[in-house]
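Presented below is the structure to which this report refers.
The values are calculated or read from the model by the stated rules, or taken from the named source; none is laboratory data. This structure is a prediction, so every number in the text was calculated from the model and none was measured. Neighbour counts are summed over all protein chains in view; Cβ atoms, including those assigned to glycine, are modelled from backbone coordinates with ideal geometry. Areas reflect the complete protein model, heavy atoms only, side chains present, ligands, DNA and RNA absent. Shrake-Rupley method; radii C 1.70, N 1.55, O 1.52, S 1.80 Å.
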Amino acid sequence: MQTQILDIRGMTCAACSARIEKVLERKPGIASVSVNLTTEKALISFDPSVITVEDIIAAIEKIGYQAILPPQEPARDKDRERKQQEIHTLWTKFIISAVFSVPLLYIAMAPMLKVVRLPFPAGLAPMNYPLIYALAELLLVIPVIAVGYRFYTVGFKALLRRSPNMDSLIAVGTTAAVLYSLYNTWQIIAGDFMKVDALYFETAGVIITLILLGKSLEAVSKGKTSEAIKKLMGLAPKTAIVVRNDVEKEIPIKDVMIGDIVVVKPGAKIPVDGTVTDGNTAIDESMLTGESMPVDKKAGDMVYAASINTTGTIQFEAEKIGSDTALAQIIKLVEDAQGSKAPIAALADKVSGVFVPIVCLIALLAGAAWFLGKGFSVNDWDVEFALTIFISVLVIACPCALGLATPTAIMVGTGKGAENGILIKSGEALEIAHKINTVVLDKTGTITEGRPEVVNIEGDVLQLAASLERYSEHPIAKAIVAHYNGEYLPVENFRAIVGEGVEGDISGKHIKIGRGIEVFADGEYLGKIAVSDKPKQTSSAAIAQLRGMDIDIVMITGDSRKTAEKIAKQVGIEHVLAEVLPQNKADEVKKLQNEGHVVAMVGDGINDAPALAQANIGIAIGSGTDVAMESADIVLMRSELTDVPTAIDLSKKTIRNIKQNLFWAFGYNVVGIPIAAGLLYLLGGPLLNPIFAAAAMSLSSVSVLTNALRLKNFKGGAVK
Amino acid sequence: MKKAIAALVVFVVLGASSLAVFHNQLDVVGNGAVKAFDKMVQALPESSLLDDREDKTAGLPATSPSAWHIYLPGDSDKFVYSQNTANPNVINMDVFLEIALDPFINAGLHPEQLPENYQVLDLSAAPKAVAIGGKLGDKTFSYKDDEITPAESFRHIASFYRNTIGYHAEMGHYNIDLGSGNMFEWAKDIRTNGKDIVFVLNPEPFIAAGVDPEKVEGWTYAQVPAEENGKMVQVWKLLKPFDLAVS
């Protein structure tokens, strides 16, 4: 199975994204499709032996949308420029249409105003010069229609393909208004001057203008939702200084090759990932990790693209370039998350898919019902009234807000997470995180520093232990080796037994170091080494915050119960799962899940990977291993446990925001459509003017976006 | 985009210029009013339309220059309009209704209490009448080959004083505004409209002069829709319709 992201252009509402998903899901070989209206991207999982990317692109283009492979790194700027250009074009179109719509609305409304008498050109007085008045309105509406031609080309095409979208609603509604007004203009020419009262040119003009305004605001807001990505992309420097043929040379970043020796001077950004070969410095990695303190670097240490060299000049060997750098991986991760869908969006997607055809039907039925109802009951065969109802229903009912409700909040939420060093890998993870009621914390490296120190030695065992442990990667082994300054004894037949300890042959004796760091020679007890790992400074605060969120906290460790409980007591954890073998950690998580807990597992080591995968949400500490981060749903770039409550808090706020958005989007349509269909009028209230319907429709999208943007105010670490 | 904007600007400028240049041709109400007036005049019996130089029986003395007098059925009321507004007549009115005062006097009118611009004509040869109308302006009407016709005179009025011409949609009537809320209306289509001509009077001055509007014989006191300060309102009027019996 292969996964492909495609940029989709030409989508205007949730009906479009739903249509693309529907069409692709029917194609053989496609396993899953997720089309995101906000990011304008499709994430497609497919079997390349059955269907090719070209086939998928062709299928999308066949239904009227443009599908293109996402641009590579150098083209990203162009893509951003294109989006900026789109916003500029939309604003220009809005301004042009407003320039014509404002006078159009004025001449249409001024003669009708009852409260104040506005100045009005005598030569246009509708009752005296009805034809000139109608032609003046027509003259003003034509440029507006020309500017909004895209609603017609896209809308009618979609209608002909029997997949109407928002543009179809606008196109049908405004076309009905214009055609009816043209007919009445002809009636005026034919001598029926009263038809001057039945002109709806301004309705069409103002609707188009308001929709363009809504689209412009929407485009600007969409741009703001992806600011996190823009910030990340903007971090990478454009050039690098490399040493070639013993000469320092500044070259474009894309020309840096693996193995190049890169020179970075104080104040400059690290251009690619690599290992320091010469020099000492402190590097500000806050843009990647959120950690504000610069990190000391010397030969052998890794440096990462986009971090800032603060004090000394260093040279390093380029090891990861282009899309392989940590920065590129983070950008991809955030992009993927922003493009993914949360399960909560499923309902909105389902509704959007059938929404437009149903609205068309409601508009027709409501218009017909009023025409026939008034006709038969009071002998008032009022075409204009029925038309007003028809247009209002079409215009007020737009699934834009529904389509934007979830993805915009997820975009802002995941972006905000990234800004705080919390990489949320998918919308689903973001959604599930808010349900977490139990957090299982790995001890070593998660609660504690992960750098244990020798505190006591019983017996003459240090040389033996250090000689053996120097072949192990375990933090305890490293602590023993670090504590020993003498010569090592040669070791044969070294073996690390996961969860048990290490063993090997030294000087003809079989030496074994068990879990309690007890040293045995050919089965004879020689002594014991005691090590201690300090809790991180912020662990207690993080655990208190989690408890304040009514979340159960469980510590899980392979250490002895005594050691585990000592640490647990220090940080305020009551529920301890000690002496758990790495392979059993996932089982412990499963047990908790079976008891009805929604579990987040927080860990950093390879041994945590199965438990991270088993948990409802796996949270990897950023300083941990690649495997742990691969298995996790959320990665904390800083090694701070306080980011766990922050991530859960962000999830809760994002989901609350999505729910608010969905409430308003659904509520808007549930209330708006009956009003547009004349319910209030039926009960003695006013009839909704199509112009107000257009304004309400545009406002609904803008209000949903504005609400999503409120998430930008989220402050990391604000959980009490 | 710039080209498109330029094209739109050119389009709108051309469109607006065309509307200005062809304003008269596109004036369906003004042109329709002249046509309908012409048809109405043609439908009048020969004796009902007189040049006042010939109208020796008219209540108003001959004026110089002349006006057209349209006698309505019953011969008690007439509509008078100028043949050339450049030369004012003795009562300084270019268009006016000349109506018999007897029905109003019988309904309580004290003629001396009418406003000054309501000119009471107390002539021995005719019943008391009042001229209600006004001066349109001082434009000179030029006639082709000096042939002064009723239709041509009205065309000049409609052309020079277009803002006085209107259309009363509910009745299917064109009208000429005589000022002070008074109007002369004629049917857009005299073949189908039962009320070919209607005199419309503002009842207020008459009520102020003692008239009970409900009791004016031959006149109907009713509410009609009218545009007032840019909005449509229902106003009370005294109405006198005439049917020219044209089919």
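Sorted largest first by accessible area at a 1.4 angstrom probe radius, with every protein chain in place, the residues B:ASP102, B:ASP189, A:ASP296 fall in the order A:ASP296, B:ASP102, B:ASP189.
Two numbers describe the Cα atoms of the range A:499-582: Rg and Dmax, which are 17.0, 57 Å.
If you fit an axis through the alpha-carbon atoms of helix A:14-25 and take the longest principal axis of the Cα set of chain A, what angle between them do you get, 0 to 90°, nearest 10? Approximately 60 degrees, to the nearest 10. In order along the range A:676-688, the Karplus-derived 3J(HN,Hα) couplings, from 6.51 cos²θ - 1.76 cosθ + 1.60 at θ = phi - 60°, round to 4, 6, x, 4, 4, 4, 4, 8, x, x, x, 9, 6 Hz, and Gly and Pro are given as x.
Across all Cα atoms of the range A:669-710, the radius of gyration (one decimal) and Dmax (whole number) stand at 12.4, 39 Å. Length gained on full extension, A:GLN463 to A:GLN570, computed as 0.36 nm times the residue gap minus the Cα-Cα distance: 35.3 nm.
For the range B:132-174, applying the loop criterion from DSSP together with a ceiling of 15 other beta carbons within 10 Å to the GluC sites (Glu not before Pro) yields B:GLU147, B:GLU170.
Sorted on the mean count of surrounding Cβ atoms within 10 Å across their residues, most packed first, peptides B:157-167, B:27-37, A:577-587, A:251-261 read B:27-37, B:157-167, A:577-587, A:251-261. Put simply, the amide H of B:HIS173, placed in the peptide plane, has neighbours under 5 Å in B:HIS168, B:LYS188, leaving out anything fewer than 5 places away on its chain. Per residue, the protein assembly as shown exposes 45 Å² of accessible surface when a 1.4 Å probe is rolled over the protein heavy atoms with every protein chain present. Think of each Lys and Arg Cβ as +1 and each Asp and Glu Cβ as -1; about the Cα centre, that makes the dipole of chain A roughly 2800 debye. Under 5 Å between amide hydrogens, built in the peptide plane, is the criterion, and for A:ARG470 it picks out nothing among residues at least 5 positions away or on other chains. For A:PHE371, the shell of other residues with beta-carbons less than 11 Å away shows a net charge of -2, using +1 for Lys and Arg and -1 for Asp and Glu. Amide H contacts of B:LEU49 (H built 1.01 Å from N, in plane; Pro and chain starts excluded): B:TYR71 sit under 5 Å, all sequence-distant by 5 or more or on other chains. Helix A:539-548 and the longest principal axis of the C-alpha atoms of chain A enclose an angle of approximately 40°.
Farthest toward the positive end of the dipole of the range B:26-242, out of B:ALA158, B:VAL120, B:ILE70, is the Cα of B:ALA158, where the dipole comes from beta carbon charges about the Cα centre.
Taking both sides together, the accessible area buried where B meets A is about 2400 Å² for a 1.4 Å probe.
Relative to the longest principal axis of the Cα atoms of chain B, the long axis of helix B:28-43 lies at roughly 40 degrees. Taking 0.36 nm per residue of sequence separation and removing the Cα-Cα distance, the B:LYS128/B:GLN234 pair yields an extension gain of 35.0 nm.
A protection proxy built from the mean count of other Cβ atoms within 10 Å ranks the segments A:171-178, A:188-195, most packed first, as A:171-178, A:188-195. So how far, in whole Å, is the C-alpha centre of the range A:367-384 from the one of the range A:449-525? Spelled out, the Cα-based centre of one part sits 94 Å from the other. Highest mean first, the peptides A:133-145, A:373-385 sorted by other C-beta atoms within 10 Å per residue fall in the order A:133-145, A:373-385.
Computed from backbone phi with θ = phi - 60° and the Karplus coefficients 6.51, -1.76 and 1.60, the 3J(HN,Hα) list for the range A:141-148 is 7, 4, x, 5, 5, 4, 5, x Hz; x is used for glycine and proline.
The alpha carbons of chain A occupy a box of 119, 65, 54 Å along the principal axes, longest dimension given first.
Residue by residue along B:3-9, Cβ atoms of other protein chains within 10 Å of the local Cβ number 4 on average. In order along the range A:363-375, the Karplus-derived 3J(HN,Hα) couplings, from 6.51 cos²θ - 1.76 cosθ + 1.60 at θ = phi - 60°, round to 4, 5, 5, 5, x, 5, 4, 5, 4, 6, x, 5, x Hz, and Gly and Pro are given as x. Given A:LYS297/A:LYS712; A:LYS249/A:LYS478; A:LYS569/A:LYS591; A:LYS536/A:LYS562; A:LYS298/A:LYS509; A:LYS320/A:LYS435, which pairs have Cα atoms separated by over 29 Å? Pairs exceeding 29 Å: A:LYS297/A:LYS712; A:LYS249/A:LYS478; A:LYS298/A:LYS509; A:LYS320/A:LYS435. Here r is the Cβ-Cβ distance between A:MET194 and A:LYS27 and R0 is 60 Å; the resulting FRET efficiency, rounded to 0.05, is 0.60. Per-residue mean of foreign Cβ neighbours for A:186-194 is 3 (Cβ atoms of other chains, 10 Å radius).
Only protein heavy atoms count here; under a 1.4 Å probe, A:GLU335 has an accessible surface of about 40 Å². Can you grab the distance from the C-alpha centre of the range A:132-168 to the C-alpha centre of the range A:244-268, Å, no decimals? After rounding, the separation between the Cα centres reads 55 Å. Segment B:LYS2..B:ALA16, full-extension length gain: 2.9 nm, with 0.36 nm per residue of separation and the alpha-carbon distance subtracted. Electrostatic tally near A:PHE385: other residues with Cβ closer than 14 Å to its Cβ, Lys and Arg +1, Asp and Glu -1, net -3. Spacing of the modelled spin labels on A:ARG82 and B:ASP102, each 7 Å from Cα toward Cβ, amounts to 9.1 nm. Across the range B:26-242, how large is the tail of the calculated P(r) beyond 27 Å, expressed as a percent of all Cα pairs? So the pairs more than 27 Å apart make up 28 percent of the total in the range B:26-242.
So, in nm, how far is label A:ASN379 from label A:MET112 when the simple model puts each one 7 Å beyond its Cα toward the Cβ? Simple spin-label model gives 2.7 nm for this pair. Only bridges with both residues in the protein assembly as shown count here: give the DSSP antiparallel percent, nearest 5. The answer is about 85 percent antiparallel. Within the accessible area of the range B:26-242, the carbon and sulfur atoms contribute 48%, probe 1.4 Å, all protein chains present. Per-residue mean of foreign Cβ neighbours for B:22-29 is 6 (Cβ atoms of other chains, 10 Å radius).
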